[in-house]
Each structure stands twice: as C-alpha cells, then as structure tokens.
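J.: Here's a structure for you.
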Amino acid sequence: MQRKIYLSGLVFMAPITIIIFVFLVYPILQSMFYSLTDWTGVGGYRFIGLSNYTDIFKDEGFTDALKRTLFIGLTTAVLANLFGLFFAVLLDQSLKTKNVLRALFYIPNVIPTVVAAFVWRYILDSNTGMLNKGLVALFGEKGSILWLDSPDYVVYTIIGITVWAMWGPILIIYLAALQGVPHEMKEAMMIDGATKRQSFVHLTLPMIAPGITVNVLIGLANGLRIFDLPFALTGGGPAGASETLSVKIYRYAFSSTELSYGLSASFILTVIALVVTFFFIALSRKYEKGTIGG
Amino acid sequence: MRQKRHLLLELGVILLAVIVSVPLYLVLINAFKPHPEIVKHPLSFPRFEVGFDNMVNAFEKMDIVKAYGTTFAIGAVAMFIAVGLGALAAYAVSRLKHPFFSSMYWFYTACILIPIQSALIPLVLLLRDLHLQNSIFGISFIYGAMLAPFCIFMYSGFMRSIPYELEESAYLDGCSTFRTFFQIILPLILPVTASLIIVQFISVWNDLQLPLVLLNSVDHPTVSISLYKFFASRNMSDLSLLFGGIMLTLLPIMILFISFQRYFVKGLSTGAVKG
C-alpha cells in the first residue's frame, strides 16, 4: 500500500521535475560550463579556465553594472518592505476605506512594466514631463531635475519606480500576517504596562517573522534580476548608467564576440542571487529561533 | 482626540494612495483626449470630444488582436504547466511521509531563487535544438519551469494545513492516490489555485524579456512587446495614440484583477504566511 502511494508520488512529481530540469537547471549548468570556454555560440570550443571572468572584471561597464544591481536589489527590498510594513500597520487599524486602498496600492504591480515605463517617462521627461513643469512653476528653473537623463539620478528613479511597482503584494502579505496576531495578547501586554512600541517589537514582529522572510525574498529576487524597467524606461542609458546585470547579459548575448562574457555574467548573477538570499534566510532563521523559541 | 487622530491617519493613507495611483489616473483620462489637450492639460478630466478614437486608432495600427491571442495562448500553456503540474508535485512533497519527498521540497524552493536571465543564452540554443524556437510552446515551457517552483512552494504551505484524516479514510476505502488527489485535495486548494493563476498569468502577460529574446515579434507578438516595439520607435510624438495603445494593453489585465481581486488577495496571503 505505502509503496504504491510512493510510486504514484513519483509519477506526480515526474512531469514538472523533468520540465524544470530541462528548461531551468540544465541551461544554468550549461551557462556555468561554457563560461569556462571560448565558445562563441557555434562550432567548437576549448577550455580557457577563468580568463572570461578575469577579463570581465577588467571591464568597468560590467563592474559598475554589478555594483548597481546589488545596490538596486538591496535598496528596493529594504524600502519596499519598510513602506509595505508601515502602511500594512496603518491599514490594519480597521480604516473604513481599507479594501479600496488595498486595491489601489496593489494596482501598480498589475500594470505591465512597459506601460509603467512609458507613463513614467511621460511624467519624468526632463523638458516636457509634467513633474518638472510643476517643479519649475514652484521653484523656478532650479527646480527642474534630470530624473532620467542624469547618470547620477537615474538609478534612484529606477529604485523609486521599482518600489512603487513592487510593494503592493508585500503590503498584502504583511496585512495577512498582522491579522494573525491575536488581539488578546496585545491587550494583555498593554495591561501589563507595555508601550505600543514594546508590544510591536516583542509581540508583533516575531509573530509576523515568516511574512518578513517571504517579503524580503520577493524584494531581493525581483530587485536583483530587474530587466524590463531599465530596458523600457531608459534602454540602460544615459551612457550605461542604468544598465543592470540582466541588461548586460542581454547585450552580451547579442554580440557574437562577447557571448562568453554573457555566460560569465549569467553565472555571477546566479551566484549573487543564491548567496544573498541564502545569507538572508540563514539570518532570518536565527532571528526566528532567537525570538520565538528562546 | 483619538477620533481626530484616526481621521488624520486615514487621510494620510488616502493621500498616499492617490499619489501612487497617478500613473493609472493619467492613462484613464488621457486615453480619451486628443494630443494637444494632453500636452496642455495632462491632469484635467477629458471632455470626451474624441470618444474612443484613440483606442480605435491604436487597435487598427497595433494588430492587438493577434497580440491578445498570442499572449493568452502562452499564458494558458504556462499556467497548465506551472499551476497544474506544480499542484501534483506539491501534493507529493507535502503529503507523503518519505524523506525523499521532503528533500525535493527544498530543491523546488531553491529553484525559486534561480534568475531565469542566467539561463537565457543556453535557452535560446536549447529551443533551437528542440525545434521549439520562435514557437508559443517553447516559451511557455520556459515560463512553466520558471513559475512552477513558486507554485509548489505556495501549494505545499497550504496543503500541509489540510488534516491527514481526510486522505487516510479515502485510502482505507481503496481510493487510488490519483482519485484522492482529484476528489479530496483539489476542491480544497481551489482558492490558492485561483490566486496563483491570476498572479502568474499577470506576470506572463506583463513580461518583456523572454518574448524579446525568444520570439519573433512579427510571428508571435505578445502584448507588452507590441506596445514596446510600436512606441519605442515613435517616441512621444503622438500622445493620444500612445495612451490609446496603453489602454488596450492595460484593459484586459485590469478587468482580470478587479474581478478576482478579493479572491486572490486572500489566497495569496494564506499561502505565503503559512509557507
């Protein structure tokens, strides 16, 4: 009986596991393998050790994109979570307009990135954009900011739009987690003389810890692999100032001489995504153990 | 005093919701204005002089019907793979008490973290070798592989909370594992299924990168790609056409979101918090 159940369990798992192996795991392994060769996409190849990697790290455009990707990934994850949690706490206080607000906060996540990119480009354009027109009207010519056309600001613009697009689901998950915190326990703590902040730090935060983990993972995963927004908003410009690792990989992939750089960059992106997230999971496990178990 | 603070708070949150919704508002009003009016009064309400002309224009020029069909077909196949086959696998990893199955849970969860961008270059060649290049099936399989791990993660979290007694009695009555899954488990996971389908379908509908790399936009234009290709070359010279096109891209997905909003918000949150 048990053996029969296990056998059908294997049958249940087989189709999707095969698809995941063929279309996800195998290509990733291939990326790693070919990144150690001088392969150009066609014909033979020979092993050249790590020289693709030493070469790519000499390319300033690449190292800048690498740092930028880490910066965008970490900043958007932190900001989207801070905003998401803050407004989830506010919405949790049984506001009358809660359901409508929740939907409005979620909608940016539903809007296709291409649409978001075009609309934001329309809003933020340096000369004709409505935001700069408004700022000029308020503060004079000095008020105008090069949101998209300045290499210094464009990263922050992208972070802002990404947080705008990403925080809806995060907020929803926090709201659900907050509703799982029993009201009686909060009241009991208050009666014992705890302040609002104390009950938040010692009761609410530990109880919503699994939600925090999921949300930070969502933020990191999306932030580190971001492609659509910089591609459609600025095309990676000005002068490569908004190129992320994914955009770089795309560019390398379509240039016949740099294909192997693209493979090395792919491997670096995988490693970063795995290392950053595993580091965070380890950290959050430690925290969850320290607060709930201890 | 307390009442007043509460009201102030509510007003603050509403203000933020208004700011966050500015882009959507711009699309909704400017889709009904002629170009000069959009330039002059971007924020004002439309006077409906042009009616639905912007959308009709965009409709005629963008070949949007083909784009809807393509995107919908890709989404449907991808959903069958990611959600359908994912649910089966989730049942095995979350309900069968053998260490092999629970270790596979960690394998799937780790797969969530793999950025598909890292596999892009080999994927192009893989599809060529499988004769799936520039086909709806090729890209759908990739979406399936990419989205399934998250579905399995969410389903497993949810399925663990289902009491075992239900299945055990089914097994004792001589039900096969398949029948148990389809008759006992499947009805229980419908809410999660609905929310997963909506969330994942939206992400397929909105994706730009995979169709950009894997599909020829003339043969198989997705909605995002046709909007991108159509306006990347035209810049912002005709805003009424741009907003008409944006409206066409946005409309189906907004209708989907609004009609299932309540449903999927609930499913999404239970799976994530328990998982």
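J.: Applying 1/(1 + (r/R0)^6) with R0 = 35 Å to the Cβ-Cβ distance of B:Phe107 and A:Lys67, what FRET efficiency is obtained, to the nearest 0.05?
T.: Numbers: r = 31 Å, r/R0 = 0.90.
Efficiency computed from Cβ-Cβ geometry: 0.65.
J.: Over all alpha-carbon pairs of chain A, lay out the pair-distance distribution in 10 Å bins, whole %, shortest bin first.
T.: Taking all Cα pairs of chain A, the binned fractions are 6, 20, 25, 24, 17, 7, 1, 0 percent.
J.: Looking at the square roots a ≥ b ≥ c of the eigenvalues of the Cα gyration tensor of chain B, which shape do they give, rounded for a/c under 1.5, prolate if a/b is larger than b/c, or oblate?
T.: oblate
J.: Let me ask you something else. Projecting each Cα onto the charge dipole of segment B:1-135 (Lys/Arg +1, Asp/Glu -1 at the beta carbon, about the Cα centre), which of B:Pro23, B:Pro46, B:Leu9 comes out farthest on the positive side?
T.: B:Leu9
J.: Apply the Debye scattering formula to the protein assembly as shown, with a single equal point scatterer on each alpha-carbon and no solvent, then give log10 I(q)/I(0) at q = 0.05, 0.09, 0.10, 0.11 Å⁻¹.
T.: Ignoring solvent entirely, the Cα scatterers give -0.22, -0.74, -0.92, -1.11.
J.: Determine, for segment A:166-294, the count of lysine pairs separated by eight or more sequence positions (or lying on different chains) whose alpha-carbon distance falls under 29 Å.
T.: Here the count comes out as 5.
J.: Running Debye on segment A:182-246 with equal point scatterers at the Cα sites and no solvent, what base-10 log of I(q)/I(0) appears at q = 0.16, 0.19, 0.27 Å⁻¹?
T.: Values returned for q = 0.16, 0.19, 0.27 Å⁻¹ are -0.64, -0.74, -1.04.
J.: Next question. Between A:Asp55 and B:His6, what is the FRET efficiency for a Förster distance of 60 Å, r being their Cβ-Cβ separation, to the nearest 0.05? Before the final figure, lay out each step's value.
T.: Details: r = 61 Å, r/R0 = 1.02.
Step by step, r from the Cβ atoms, then E = 0.50.
J.: Over segment A:83-165, what percent of the accessible surface lies on carbon and sulfur atoms, probe 1.4 Å?
T.: That fraction is 64 percent.
J.: Here's something else I'd like to know. Let's test the formula: R0 of 22 Å, r as the Cβ-Cβ distance of A:Lys133 and B:Glu49. What FRET efficiency results, to the nearest 0.05?
T.: Details: r = 23 Å, r/R0 = 1.06.
The value I calculate is 0.40.
J.: If a/c stays under 1.5 just call it rounded; otherwise compare a/b with b/c (prolate if a/b is bigger, oblate if not). Do that for segment B:98-177, with a ≥ b ≥ c from the square roots of the Cα gyration tensor eigenvalues.
T.: prolate
J.: Tell me, what ³J(HN,Hα) does each residue in segment B:10-24 have, in order and in whole Hz, if you take phi through Karplus 6.51 cos²θ - 1.76 cosθ + 1.60 with θ = phi - 60° and put x for Gly and Pro?
T.: Residue by residue, segment B:10-24 yields 4, 4, x, 5, 4, 4, 4, 4, 5, 4, 4, 8, 3, x, 5 Hz.
J.: Ok, one more. Quick check on my link table: of A:Lys67/A:Lys142; B:Lys66/B:Lys229; A:Lys133/B:Lys33, which ones sit more than 23 Å apart, alpha carbon to alpha carbon? Working shown, then result.
T.: Values: A:Lys67/A:Lys142 30 Å; B:Lys66/B:Lys229 14 Å; A:Lys133/B:Lys33 20 Å.
Listed pairs above 23 Å: A:Lys67/A:Lys142.
J.: For segment A:113-138, state which residues have at least 40 Å² less accessible area in the presence of all protein chains than in their chain by itself, taking the probe as 1.4 Å and leaving out ligands, DNA and RNA.
T.: A:Val114, A:Val115, A:Phe118, A:Val119, A:Arg121, A:Tyr122, A:Met130
J.: B plus A alone minus the pair: what accessible area, both sides summed, probe 1.4 Å, in Å² to 100? Could the numbers behind the result be given before it?
T.: On the way: alone 16050 and 17660 Å², together 25660 Å².
Interface area, both chains combined: 8000 Å², rounded to the nearest 100.
J.: Over segment B:57-274, what is the mean sequence separation of C-alpha contacts under 8 Å (at least six apart), divided by residue count, expressed as relative contact order in percent? Let's see the in-between values first.
T.: Details: 223 pairs, mean separation 73.4, N = 218.
Here the relative contact order equals 34 percent.
J.: In addition: Which trypsin sites (Lys or Arg not before Pro) from segment A:1-83 combine a DSSP loop assignment with at most 10 other Cβ atoms within 10 Å?
T.: Listed in order of number, the matching sites are A:Arg46.
J.: Right, here's the next one. Largest first and to the nearest Å, give the Cα extent of segment B:42-101 along each principal axis.
T.: 67, 28, 13
J.: Quote the relative contact order of chain A in percent (integer), defining contacts as alpha-carbon pairs under 8 Å separated by 6+ residues.
T.: 28 percent
J.: Sticking with this structure for a sec: HN-Hα J couplings of segment A:269-281 from phi, Karplus 6.51/-1.76/1.60, θ = phi - 60°, integer Hz, Gly and Pro as x?
T.: 4, 4, 4, 4, 4, 5, 5, 4, 6, 5, 4, 5, 4
J.: Counting only other chains, what is the mean number of Cβ atoms within 10 angstrom of the Cβ of each residue in peptide A:189-195?
T.: Across the residues of A:189-195, the mean count of other-chain Cβ atoms within 10 Å is 0.
J.: In terms of the Cα gyration tensor, with a ≥ b ≥ c the square roots of its eigenvalues, is segment A:1-123 rounded because a/c is under 1.5, prolate because a/b exceeds b/c, or oblate?
T.: It is oblate, given that a/c is not under 1.5 and a/b is not larger than b/c.
J.: Give me the distance in nm between label points sitting 7 Å out from Cα along the Cα-to-Cβ direction at A:Thr257 and B:Ala76, one decimal.
T.: 4.7 nm
J.: I've got another one for you. Quick one: what are the phi-derived ³J(HN,Hα) couplings along segment B:169-182, Karplus 6.51/-1.76/1.60 with θ = phi - 60°, whole Hz, x for glycine and proline?
T.: Result, ordered by residue: 5, 5, 4, 4, 6, x, 6, 6, 4, 4, 5, 4, 4, 6 Hz.
J.: Then there is this: Can you give the Kirkwood hydrodynamic radius of segment B:1-88 from its Cα pairs, in Å with one decimal?
T.: On the way: mean 1/r = 0.0579 Å⁻¹.
Across segment B:1-88, the inverse of the average 1/r is 17.3 Å.
J.: Could you do me a favour and compute the accessible area per residue for segment A:136-294, 1.4 Å probe, result in Å²? Let's see the in-between values first.
T.: Numbers: 7280 Å² over 159 residues.
Averaged over the residues of segment A:136-294, the accessible area is 46 Å².
J.: Normalised by the residues of segment B:2-52, what does the relative contact order come to in percent, with Cα pairs under 8 Å and at least six apart?
T.: Values: 23 pairs, mean separation 15.5, N = 51.
Contact order relative to length: 30 percent.
J.: Per residue of B:148-154, how many C-beta atoms from partner chains lie within 10 Å of its own C-beta, taken as a mean? It would help to have the intermediate numbers written out before the result.
T.: Details: counts 7, 3, 2, 1, 4, 1, 1.
Per residue, the number of nearby Cβ atoms from other chains is 3 on average.
J.: Check each of the GluC sites (Glu not before Pro) in segment A:125-224 and keep only those in coil by DSSP with at most 16 other C-beta atoms within 10 angstrom; list them in order.
T.: none
J.: Skipping prolines and chain starts, which residues have an amide H placed within reach, meaning under 5 Å, of the one on A:Thr37, given they are 5 or more residues away or on another chain?
T.: Distant-sequence amide H within range of A:Thr37: A:Ile48.
The values are calculated or read from the model by the stated rules, or taken from the named source; none is laboratory data. Fair warning: this is a prediction, and the values are worked out from it, not measured in the lab. Ideal geometry is used to build each Cβ from the backbone, glycine not excepted, and the neighbour counts take in all protein chains shown. Ligands, DNA and RNA are stripped out before the accessible areas are found, and what is left, the full protein with its side chains, is counted by its heavy atoms. Shrake-Rupley method; radii C 1.70, N 1.55, O 1.52, S 1.80 Å.
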